[in-house]
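Engineer: One structure is given below, represented as structure tokens, and several questions about it will come after.
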Amino acid sequence: MTTLLGVDLVGRRVLVAGGGPVAVTKAAALVADGALVHVVTPVVCEAMLDLVAEASVTWSQREVALDDVAGTWFVVAATGDVSVDRALCEQATAARVFSVCAGTSEHGTARSPAVADHAGVRVGVVSTGRPDPARVVSIRNALALHLESTDLDLRTRRRQPATDGRVILVGGGPGAADLITVRGRRALAEADVVVTDRLGPTALLRTLPVSVEVIDVGKTAGHHPVPQHEINRILVEHAQRGRTVVRLKGGDAFVYGRGGEEVLACREAGVSVEVVPGVSSALSAPGAAGIPLTHRGTVGGVHIVHGHERIDTHALSAAAAETATLVILMGVRLLAEHVSDLVAHGASADLPVAIIEGATTELQRVTRASLGRIVTAATSADVRAPAVIVVGRVADPALLAPERSDRLTV
């Protein structure tokens, strides 16, 4: 029977005998765990040379000797010579040092698990009977996927010191729950407190344990019940209590999400803060509507602007000249003014426009019209925020039609 045991090898000397692919795999894992690795072998493969050059690995270019076991905490015998590996493991056992025999596991006293690290937890898989590395790796991969993609409660159970409190700014993506990043999903699983907007993958909040505190600070057009300075205070205050605080935002926190202000507030208060990038609706909403923001032979640039106020002249001129696609976030309320400004800068009345509401969700709807008719079309369709407006030839649905496949050659 094999017993699973976590061993702390940080700063401790480990012997790796051998310089081939198996030896380098074992050595790299030990280096990652903080061990002081001593490689003994006359010849090494290129990967081992790279490891020696980049990491805290020493290499003795000679045949391994039994005396090399002395003073070590762990031995990996991977010379490729069964008799040498066996002798090394026997020497290690006599010295009460655990060893792994890469060739035949029965000669060693330990087995190296296939491991998956996730959220400060390490899961290891070893075989209990005859060694079966391929099976072990397959199971490890399945467990790793489960850890990354399944709703698990990964919160720390022990009471955290106040100094361990932290804030994680998570860009939740455009709305669909499965468009948040794996890292963002993991952050939610570790959260003690979630400070959330109304946009983004709010459906994920229903999967959190009931003991996770959820604070809604969502804003709507013209209605900001929780001002930004109060949001900053909430983040800092909860983190200073030793909690893991996730600030869940729609899209990406650094694209018109005021994430920079929240990072500054945390740093000024001495609170640890991490940023998890998200899929911005400026890029994902057009993609979900089948609109390429750039397209060879059509347009090669993009301007992303917010539509809370009049758009700057540079972006208007580029869109009017059709040298760049114009993407307007939060621009529904001032749509008529934006259209008027584009026309004033010389934009053609037949320039295609698409408005994507509720992108990537079951409520997604796309309203299309020419620049000259889009205001009327939006009014008739009762277009409402949140919506992303795309102005440019790429918004023409005929662009990707099969009969125009000659334009798609690469």
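Engineer: May I ask you to verify whether residue 44 is within 33 Å of the chain's Cα centre (by Cα) and among the β-branched types (Val, Ile, Thr)?
Structural biologist: no
Engineer: Does residue 376 satisfy the condition of being under 27 Å from residue 179 (Cα atoms) and polar (S, T, N, Q)?
Structural biologist: No; evaluated as a whole, the condition is false for this residue.
Engineer: Output the residue which, of all residues in the stretch 42-55 that are of a type outside the set (Val, Ile, Thr) and part of a loop (DSSP other than H, G, I, E, B), is surrounded by the most Cβ atoms within 10 Å (Cβ to Cβ).
Structural biologist: 45
Engineer: For the stretch 16-27, name all the residues that are under 18 Å from residue 99 (Cβ atoms) and surrounded by fewer than 24 Cβ atoms within 10 Å (Cβ to Cβ).
Structural biologist: Once the filter is applied, which keeps residues that are under 18 Å from residue 99 (Cβ atoms) and surrounded by fewer than 24 Cβ atoms within 10 Å (Cβ to Cβ), the stretch 16-27 yields 20, 22, 25, 26.
Engineer: Let me ask you something else. Which ranges mark the helices (runs of 4 or more DSSP H) fully within the stretch 262-377 that have 2 or more residues being farther than 30 Å from residue 239 by Cβ and in contact (Cβ under 8 Å) with a residue 40 or more places away in the chain?
Structural biologist: 281-288, 335-344
Engineer: Does residue 233 count as basic (Lys, Arg) and out of contact with any Lys or Arg (no Cβ under 8 Å at 6 or more places or on another chain)?
Structural biologist: Yes: the conditions hold for residue 233.
Engineer: From the list 128, 93, which residue is in contact (Cβ under 8 Å) with a residue 40 or more places away in the chain and surrounded by fewer than 18 Cβ atoms within 10 Å (Cβ to Cβ)?
Structural biologist: Answer to the check: 128.
Engineer: Could you check residue 110 against (1) at pLDDT 75 or above; (2) in a helix (DSSP H, G or I) and say which number it fails?
Structural biologist: Single failed check for residue 110: (2).
Engineer: Do you know which residues across the stretch 272-287 are closer than 18 Å to residue 368 by Cα and surrounded by fewer than 21 Cβ atoms within 10 Å (Cβ to Cβ)?
Structural biologist: If the condition is that a residue be closer than 18 Å to residue 368 by Cα and surrounded by fewer than 21 Cβ atoms within 10 Å (Cβ to Cβ), then 283, 287 are the ones that fit.
Engineer: Is there a residue being surrounded by 21 or more Cβ atoms within 10 Å (Cβ to Cβ), out of contact with any Lys or Arg (no Cβ under 9 Å at 6 or more places or on another chain) and among the charged types (D, E, K, R) anywhere in the stretch 56-73?
Structural biologist: No.
Engineer: Are any residues in the stretch 319-337 crowded, with 17+ Cβ neighbours inside 10 Å and more than 35 Å from the chain's Cα centre (by Cα), and if so, which ones?
Structural biologist: 320
Engineer: Taking only the stretch 314-366 into account, find how many residues are touching a Leu at 6+ places or on another chain (Cβ under 8 Å) and among the polar types (S, T, N, Q).
Structural biologist: Qualifying residue count, the stretch 314-366: 3.
Condition check ((1) in contact with a His (Cβ under 9 Å, 6 or more places away or on another chain); (2) under 25 Å from residue 189 (Cα atoms)) across all residues:
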site: 101; (1), (2): yes, no
site: 107; (1), (2): no, no
site: 125; (1), (2): no, yes
site: 140; (1), (2): no, yes
site: 144; (1), (2): yes, yes
site: 153; (1), (2): no, yes
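Engineer: Also, quick follow-up: When you look at residue 368, is it out of contact with any strand residue (DSSP E or B) (no Cβ under 7 Å at 6 or more places or on another chain) and surrounded by fewer than 20 Cβ atoms within 10 Å (Cβ to Cβ), yes or no?
Structural biologist: Answer is no for this residue.
Engineer: For the stretch 338-348, which residues satisfy the criterion of being under 18 Å from residue 299 (Cβ atoms) and surrounded by fewer than 22 Cβ atoms within 10 Å (Cβ to Cβ)?
Structural biologist: If the condition is that a residue be under 18 Å from residue 299 (Cβ atoms) and surrounded by fewer than 22 Cβ atoms within 10 Å (Cβ to Cβ), then 345, 346, 348 are the ones that fit.
Engineer: Further, regarding this structure: Here is a list of conditions, (1) surrounded by fewer than 20 Cβ atoms within 10 Å (Cβ to Cβ); (2) under 28 Å from the mean Cα position of the chain (by Cα); (3) of a type outside the set (Val, Ile, Thr), and residue 386 meets all of them except one; can you say which number that is?
Structural biologist: The single condition residue 386 does not satisfy is (1).
Engineer: Same structure again: Taking the conditions exactly as written (assigned to a loop (DSSP other than H, G, I, E, B) and within 11 Å of residue 15 (Cβ to Cβ)), does residue 80 satisfy them or not?
Structural biologist: No.
The values are calculated or read from the model by the stated rules, or taken from the named source; none is laboratory data. If you're wondering where the values come from, they're calculated on a predicted model, not measured in any experiment. Positions of Cβ are backbone-derived with ideal geometry, glycine not excepted, and every protein chain shown enters the neighbour counts.
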